[in-house]
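A short write-up of the structure that comes next.
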Amino acid sequence: MTLGFLVNGLGIMFLVIIGVVVLLALVVGVLMVSVYNNLVSRSVGFKNAYSQIDIQLKRRYDLIPNLVEVAKGYVKHERETLEAVIKARNGAVAAAGQAAANVGTASAMTALAGAEGVLSQTLGRLFALSEAYPDLKANTTIMQLSEELTSTENRVAFARQAYNDSVAGYNTYKRSFPPVVFAGLFGHGQDASLLTFDEGAKLQTAPVVKF
């Protein structure tokens, strides 16, 4: 009889252990699913936020050839500056394409920031020429294009801030516990990179263009 009680007791203990293991497995499974879904959601969030930057940058790139074409009629002796603007614009277009295909990747974000810095500097040189060419400064098309560029710069700045906020939220979440335990397992081991433009390139805020 004592042996029977012992066997029954062991059987009950075994069932309890099995039950606890199963319960723990379920809890861990639910936790993993929750973490995975949150990582995916936040990843999609900052990529969607970047798409707004991409839209505004493309609008900016589309305006620049028009600006150069109009300026060409007034600053014929400034060919080097005009060619530098187009070259910088094309470089930025290429960098933006890579960034759009690799959102959040450090190398892509850094390359885009660098290309935008070069473009903004060459545009600054073009705008500075207006002081030496009164007819260019007074051209209504140039004035309109400069206003559109300023508006676009504002949109880029707002979109960039929204993207960086979204990236910061994603990075903070994946570093917290328990997501930090599973992030690497789910392919989210690397932090997403912020997009930071050089203040000297004057893309942090809209440029002041006085035409």
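What follows is calculated from the coordinates using simple rules that are stated; it is not laboratory data. Fair warning: this is a prediction, and the values are worked out from it, not measured in the lab. With ideal geometry, Cβ positions are generated from the backbone for all residues, glycine too; neighbour counts draw on all protein chains shown.
One table, with the values for the structure above:
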| read-out | value |
| --- | --- |
| DSSP H segments from the chain that extend 20 Å or more along their own axis, Cα-based, with Kyte-Doolittle mean of 0.5 or above | 2-72, 106-128 |
| Relative packing of 177-183, 114-120, which averages over residues the other C-beta atoms within 10 Å, highest first | 114-120, 177-183 |
| Distance between modelled label sites at Lys76 and Gln121, nm, 7 Å Cα→Cβ extension | 3.1 nm |
| For peptides 126-133, 25-32, sequence by mean Cβ density within 10 Å, most packed first | 126-133, 25-32 |
| Lys/Arg +1, Asp/Glu -1 at C-beta; the stretch 12-201 dipole; positive extreme among Leu31, Leu195, Leu145 | Leu31 |
| Debye log10 I(q)/I(0) for the stretch 11-76, one point scatterer per Cα, at q = 0.15, 0.17, 0.21 Å⁻¹ | -0.72, -0.78, -0.89 |
| R0 of 35 Å, Cβ-Cβ distance Phe14-Asn37: FRET efficiency to nearest 0.05 | 0.50 |
| Values of log10 I(q)/I(0), in the order q = 0.09, 0.17, 0.18, 0.22 Å⁻¹, for the stretch 36-171 under a Debye, Cα-only, solvent-free model | -0.32, -0.88, -0.96, -1.27 |
| Extended-chain gain in nm, criterion 0.36 nm per residue less alpha-carbon gap, Gln98 and Arg59 | 12.4 nm |
| Centroid-to-centroid separation of the stretch 75-127 and the stretch 143-204 [C-alpha atoms, Å] | 19 Å |
| Electrostatic dipole magnitude of the chain [Cβ: Lys, Arg +1; Asp, Glu -1; Cα centre; debye, to 20] | 220 debye |
